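Below is one structure; the comments refer to it alone.
The values are calculated or read from the model by the stated rules, or taken from the named source; none is laboratory data. Computed from a predicted model, the values in this text were never measured in an experiment. All Cβ positions, even for glycine, are placed from backbone atoms using ideal geometry, and neighbour counts span all protein chains on display.
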Amino acid sequence: MHSGLSAWGQSDPQRGTAILAEPLLNKGTAFTERERDILGIRPLLPPRVFTMAEQVQRSLGAVRRKQDNIEKYIYLTNLQNRNEMLFYRLVIDNIEEMVPLIYTPTVGEACLQYGSIYRRPRGLFITLRERGRIAEMLRLWPHEGARLIVVTDGERILGLGDLGALGMGIPVGKLSLYTACAGVHPYYTLPITLDVGTDTESLLNGPFYIGINEHRARGKTYDDFIEEFCQAVKEVFPRALLQWEDFGNANAFRLLRRYRSVLPCFNDDIQGTAAVALAGLIGALALKGGALSKQRVLFLGAGEAGTGIADLYTTAAMQEGLTQAQARANCWFLDTKGLVVRGRGDTLAEHKVPYAHDHPPVHTLIEAIRALRPTALIGVSGMPAAFTKEVVGTMTQINERPIIFALSNPTSKAECTAEQAYTWSRGRVVFASGSPFGPVQFEGRTFVPGQGNNIYIFPGVGLGALASEATEVTDEMFLAAARTLAGLVQKEDLEAGRIYPALTRIREVSLAIAAAVAQVAHERGIARVARPADLAEDIRGRMFQPDYPDYT
Ligand code: NAD
C-alpha cells in the first residue's frame, strides 16, 4: 500500500526549502548532518540534530503546556501540516491522551471554529457550483491514487447538527485515526466535504462563514450531485474505499442503500456504531453469561445508531439459529413519541418499521422497562440524563447483571454517567459509554467503564477492505469485526468490568479486524487481489509506521 510512496519519496527527493515544506518528507531538526548537505538545507536549520524520540518529548511537552483542548488541537494540526511522521509518532505513542484531542470530543469544538483554524489545504471542498465537473475537481488532488476517502456533507456533525462546510474537521480527523490506529498510509487518504449549503442561519448570516452562502440543497438537486460525485470517485479513484460520515438521518440510510453495491463504501455512524455496540454486548455476555439470541434489548433512540445496532444484532442472532423475525422481536425502540409499535398512528420512518411490534402504546422509558423487562438498555438518543436513578434501579431489579450502554456523545449528552450507573445499580451493571469516563470507586471496588468508541471498528474494517480491495463492504464484515473485537477482550479487562480492550492495543485490534474482514472478502469472492498465504502477516507488512525516510 505504501510502495508508491517510497518510490515517490525516496528516489526523487526534493531539495532545499521544498522538502521542509512537505509534511510527509520533512524531518525538521532530525535531518542528519549528511542529509543537511545532500539536500542543501544545512543553514536553514538550527545546528543541533535531534532524534525523533527527542522531538516527540518536546512536542508532547508543548501539547501539555497548552491551556485548553482546542489550543492543543491547533498545535497538533500545525504539527501534522509541518511534520507528519512526527505527528503520527506522537499520536501513536500517546494514543489515549491524543485521541480525544484529534477527534471527539475536541474535534466538535474544532469544527465550530474551523473557519478560523483553517490554515492549509487538507482535503477537497466540492460545492454545488462544481456540478458537471466533479471528476475534474477530484483530479486536482495532488496525491496520486487516493485509496481511502472520508466524505461528509456536514449536515449532522457529531451532536452539533448542520455545520455545512465547517464539517471538514470530521473527515480530516477520522482519516488521522485511520493512519494512527490501523496504519493506513496518510498519502492515500483523502478527506472531502461536499458543500451543498447549510440551513444553520447563524452560519449563513455570519461574516466569516467559509462555505457557500446558500440553503441546503434537497431532493433531485442533492441526489444528482451525490450521483455525480460517486461516479466521479469511481472514475478517478477506481480502487478507493469511501466512508460516508455525519450525513443527516434522512440521507444516511438511503445513500448507503443506494451506493453500497455501486462502489465499496460504508457508513460508520450506522455500521461502525453497530459493530462496536454488538461487540460490547458479546463482551457483556462473556462477563455475565447468556446467549446473544436470548437477550431482549431496549433502545432509547431510533435513529442511525440504534437501528444500525439492531440490524447487526439481527444478523448475529440469526447466526445463532433465530429466524429474522425472532431476532427482530428481541429489539424494541423508544423514540420521542414513545414505544415504536405497529399502528402507532404516525408514519414510521422506513428504518423503524422492522422493529414496530404489536404492543399497546407505552409513553415513557420506565413504563417500557416494566412492560418489556429488557436484559439490555442502550441509549442512543442524544438525551442527557434520560437514564435516571429509577431507570437504572428498575433494570437492576429485573436483572442480576443489567447491561446498560449510554452511548450518546459528547459526554454532556450521555444518558447517564458511569458513576451513576455503578452507584445506582450497586455495582451490578455491565456498563459502556460513548464518551470516556474515568474509573469509578464503589464500595471498595474499582470499575473501569468501557468506551464503545467506533475507533475500535472502522480503522480495522477500512484496512481489511483496502488490503483485499473488496468490491463491497458487507454486513458480514462488520459482524466479523464485532466478533473479533469481542474476542480480544482479556480476562483482566473483564475482571475490571471493561468489555473492550484497552485503547493502547488499538493497532493490534485493527490488524486482527482487518484480517477477519479480508478473510470474509476472500471467502465471498469479492476480493480484487489474490489471497496471500498469511492474511494477517501480509496486512501487518503494509501498515504505515511513522519512521523518517533516510535520504543518504
Ligand atoms: P439520530 O438523530 O439518527 O437518532 C436519534 C434518535 O433519538 C431519534 O430516533 C430520536 O427520535 C430519538 N430521541 C431523541 N430524543 C429522544 C428522547 N428524549 N426520548 C426518546 N428518543 C429520543 O442520531 P444517531 O446517529 O442515532 O445518534 C444518536 C446518539 O448516539 C448521538 O448522541 C450520538 O452521539 C450517539 N452515537 C454514539 C456512538 C458511539 O458511541 N459509538 C456512535 C454513533 C452515535
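Confirm whether Ala512 is part of a helix (DSSP H, G or I), surrounded by fewer than 18 Cβ atoms within 10 Å (Cβ to Cβ) and among the small types (Gly, Ala, Ser).
Details: part of a helix (DSSP H, G or I): yes; surrounded by fewer than 18 Cβ atoms within 10 Å (Cβ to Cβ): no; among the small types (Gly, Ala, Ser): yes.
In short, no.
Residues of segment 192-251 being among the β-branched types (Val, Ile, Thr) and either under 21 Å from Phe458 (Cα atoms) or surrounded by 19 or more Cβ atoms within 10 Å (Cβ to Cβ) (or both), which ones? Full working, then the answer.
As a first pass, look at segment 192-251 and keep what is among the β-branched types (Val, Ile, Thr): 192-193, 196, 198, 200, 210, 212, 221, 226, 233, 236.
If the condition is that a residue be among the β-branched types (Val, Ile, Thr) and either under 21 Å from Phe458 (Cα atoms) or surrounded by 19 or more Cβ atoms within 10 Å (Cβ to Cβ) (or both), then Ile192, Thr193, Val196, Thr198, Thr200, Ile226, Val233 are the ones that fit.
For segment 127-156, what are the residues that are crowded, with 24+ Cβ neighbours inside 10 Å and assigned to a strand (DSSP E or B)?
Within segment 127-156, Leu148, Ile149, Val150, Val151, Thr152 meet the criteria.
Met395: of a type in the set (A, V, I, L, M, F, W, C), touching a Pro at 6+ places or on another chain (Cβ under 6 Å) and either part of a loop (DSSP other than H, G, I, E, B) or at pLDDT 95 or above (or both), yes or no? Steps first, please.
Numbers: of a type in the set (A, V, I, L, M, F, W, C): yes; touching a Pro at 6+ places or on another chain (Cβ under 6 Å): yes; either part of a loop (DSSP other than H, G, I, E, B) or at pLDDT 95 or above (or both): yes.
Criteria met by Met395.
Just give me the residues in segment 438-468 being within 13 Å of the ligand (Cβ to nearest atom), under 19 Å from the mean Cα position of the chain (by Cα) and of a type outside the set (A, V, I, L, M), in sequence order.
Residues of segment 438-468 within 13 Å of the ligand (Cβ to nearest atom): 449-458.
Among the residues that remain, those that are also under 19 Å from the mean Cα position of the chain (by Cα) are: 450-458.
Correct list: Gly450, Gln451, Gly452, Asn453, Asn454, Tyr456, Phe458.
Going by the conditions given, is Ala368 touching a residue at least 24 places away in the same chain (Cβ under 8 Å), more than 9 Å from the ligand (Cβ to nearest atom) and of a type outside the set (Val, Ile, Thr)? Walk me through it before giving the result.
Details: touching a residue at least 24 places away in the same chain (Cβ under 8 Å): yes; more than 9 Å from the ligand (Cβ to nearest atom): yes; of a type outside the set (Val, Ile, Thr): yes.
Considered against the rule, which asks whether it is touching a residue at least 24 places away in the same chain (Cβ under 8 Å), more than 9 Å from the ligand (Cβ to nearest atom) and of a type outside the set (Val, Ile, Thr), Ala368 comes out as yes.
State yes or no: is Ile378 among the hydrophobic types (A, V, I, L, M, F, W, C), touching a Phe, Trp or Tyr at 6+ places or on another chain (Cβ under 6 Å) and within 10 Å of the ligand (Cβ to nearest atom)?
Numbers: among the hydrophobic types (A, V, I, L, M, F, W, C): yes; touching a Phe, Trp or Tyr at 6+ places or on another chain (Cβ under 6 Å): yes; within 10 Å of the ligand (Cβ to nearest atom): yes.
The answer is yes for Ile378.
Test each condition in (1) touching a residue at least 40 places away in the same chain (Cβ under 8 Å); (2) farther than 22 Å from Ala277 by Cβ for Gly525 and report the one that comes out false.
Condition (1) is where Gly525 drops out.
For Phe299, which of the numbered conditions (1) more than 10 Å from the ligand (Cβ to nearest atom); (2) assigned to a strand (DSSP E or B) fails to hold?
Failing condition for Phe299: (1).
Take Ala371 and tell me if it is loosely packed, with under 15 Cβ neighbours inside 10 Å and either among the aliphatic types (A, V, I, L, M) or more than 24 Å from Ser425 (Cβ to Cβ) (or both).
Values: loosely packed, with under 15 Cβ neighbours inside 10 Å: yes; either among the aliphatic types (A, V, I, L, M) or more than 24 Å from Ser425 (Cβ to Cβ) (or both): yes.
So Ala371 passes the test.
Considering only residues that are near the ligand (Cβ under 10 Å from one of its atoms) and without any contact (Cβ under 8 Å) to a residue 60 or more places away in the chain, which ones fall in segment 393-411? Give the steps one after another, and end with the answer.
Restricting attention to segment 393-411, the residues satisfying the condition of being near the ligand (Cβ under 10 Å from one of its atoms) are 405-410.
The one that is near the ligand (Cβ under 10 Å from one of its atoms) and without any contact (Cβ under 8 Å) to a residue 60 or more places away in the chain: Ala406.
Among the residues that make up segment 472-489, is at least one of them over 30 Å from Arg528 (Cβ atoms), assigned to a strand (DSSP E or B) and either within 16 Å of the ligand (Cβ to nearest atom) or not basic (Lys, Arg) (or both)?
Within segment 472-489, the subset over 30 Å from Arg528 (Cβ atoms) is 489.
Checking which are assigned to a strand (DSSP E or B) leaves us with none.
Checked against the condition, which is being over 30 Å from Arg528 (Cβ atoms), assigned to a strand (DSSP E or B) and either within 16 Å of the ligand (Cβ to nearest atom) or not basic (Lys, Arg) (or both), segment 472-489 yields no hits at all.
If you take the residues of segment 322-338 that are surrounded by fewer than 18 Cβ atoms within 10 Å (Cβ to Cβ) and more than 14 Å from the ligand (Cβ to nearest atom), which of them is farthest from Phe299 (Cα to Cα)?
Filtering first and then ranking leaves Thr323.
Here is a list: Val276, Val341, Val297, Val362. Which entry is surrounded by 18 or more Cβ atoms within 10 Å (Cβ to Cβ), on the phi < 0 side of the Ramachandran plot and in contact with a His (Cβ under 6 Å, 6 or more places away or on another chain)? Before you say what the answer is, go through the steps one by one.
On the way: Val276 fails: in contact with a His (Cβ under 6 Å, 6 or more places away or on another chain); Val297 fails: in contact with a His (Cβ under 6 Å, 6 or more places away or on another chain); Val362 fails: in contact with a His (Cβ under 6 Å, 6 or more places away or on another chain).
Result: Val341 is the single residue among Val276, Val341, Val297, Val362 that is surrounded by 18 or more Cβ atoms within 10 Å (Cβ to Cβ), on the phi < 0 side of the Ramachandran plot and in contact with a His (Cβ under 6 Å, 6 or more places away or on another chain).
Can you tell me which residue among Ser425, Ser435 is among the hydroxyl-bearing types (Ser, Thr, Tyr), within 16 Å of the ligand (Cβ to nearest atom) and in contact (Cβ under 8 Å) with a residue 12 or more places away in the chain?
Working: Ser425 fails: within 16 Å of the ligand (Cβ to nearest atom).
The conditions single out Ser435.
For the condition under 24 Å from Ala275 (Cα atoms) and either in contact with a helix residue (DSSP H, G or I) (Cβ under 8 Å, 6 or more places away or on another chain) or at pLDDT below 95 (or both), what is the one hit in Leu298, Leu348, Leu365? Please lay out each step first, then the result.
Details: Leu348 fails: under 24 Å from Ala275 (Cα atoms); Leu365 fails: under 24 Å from Ala275 (Cα atoms).
Leu298 is the lone residue from the list that is under 24 Å from Ala275 (Cα atoms) and either in contact with a helix residue (DSSP H, G or I) (Cβ under 8 Å, 6 or more places away or on another chain) or at pLDDT below 95 (or both).
When you go through Gly343, Gly382, Gly321 one by one, which is the residue that is among the small types (Gly, Ala, Ser), outside any strand (DSSP E or B) and touching a Lys or Arg at 6+ places or on another chain (Cβ under 7 Å)? Let's see the steps before the verdict.
Working: Gly343 fails: touching a Lys or Arg at 6+ places or on another chain (Cβ under 7 Å); Gly321 fails: touching a Lys or Arg at 6+ places or on another chain (Cβ under 7 Å).
Exactly one of Gly343, Gly382, Gly321 is among the small types (Gly, Ala, Ser), outside any strand (DSSP E or B) and touching a Lys or Arg at 6+ places or on another chain (Cβ under 7 Å), namely Gly382.
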